[in-house]
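Let me begin by presenting the structure, written as structure tokens, before commenting on it.
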Amino acid sequence: MILKELRKKAKLTQEKLATKVGVSRSTIAMYESGASQPDLQMITKLAEILGVSVDFLLGNSKKNTLRILGKIPAGIPFEAIEDIEGYIDINPKFADQSEYFALRVKGDSMSPRILDGDVVVVKKQDDADTGDVCVVMVNGYDATLKTIKKEESGIFLIPTNQAYETKFYSNADIQSLPVRIIGKVVELRGNI
């Protein structure tokens, strides 16, 4: 089991991980050293918190996985939810969870290109080019998925569904709200 490596990658102390799964810090230490083995229910809980499959946690899988985090709206922005909805096997180049994450789309503002329920793989980055489909935070906590168009005076967030309006945020809006890019879509998985 690669628990210690995954815990450190997730930037969790033994104490924090123990609190999340409802055991003592010494129990986590024993799991990591091999002095004690968790039962299947605990392994499942650990895998979920660490964002990997049970097979990956146990070292039985050569596949790379990303957890699917909550939903990302593709309509009117609303608060991004960080619930884990499942896992996807991914290309090894996307395996670094410090650089990539997967999100489930909610809403139809990006249809027909990206549909409600689709999963997108996103590379974490705070800038992107005009024409990129990005996850953008508005007001510091509302996330939306849109094509961006950058101009000297600000940024446009453009839906592909013409039933929705393009939103423009001036440079002043970008600073005051704030508005910031948190990642660029690098792969569309469809509804899985």
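A few notes on this one:
- Packing-based order for 107-119, 152-164, using average beta carbon neighbours within 10 Å, highest first: 107-119, 152-164
- Gain on full stretching of the segment that runs from residue 129 to residue 35 - 0.36 nm per residue minus C-alpha separation: 28.8 nm
- Taking Cβ atoms as reference points and 10 Å as the exclusive limit, the residues near residue 48 contribute a net charge of +3, counting Lys and Arg as +1 and Asp and Glu as -1.
- Listed pairs 16/167; 123/149; 9/184; 8/149; 124/167 exceeding 29 Å between Cα atoms: 16/167; 8/149
- Accessible surface computed residue by residue for region 135-192, with neighbouring protein chains in place and a 1.4 Å probe, gives 55 Å² per residue.
The values are calculated or read from the model by the stated rules, or taken from the named source; none is laboratory data. If you're wondering where the values come from, they're calculated on a predicted model, not measured in any experiment. Cβ coordinates were reconstructed from backbone atoms using ideal geometry, including for glycine residues, and neighbour counts include every protein chain displayed. When the accessible area is computed, the model is the full protein with side chains, heavy atoms only, and any ligands, DNA or RNA have been set aside. Shrake-Rupley method; radii C 1.70, N 1.55, O 1.52, S 1.80 Å.
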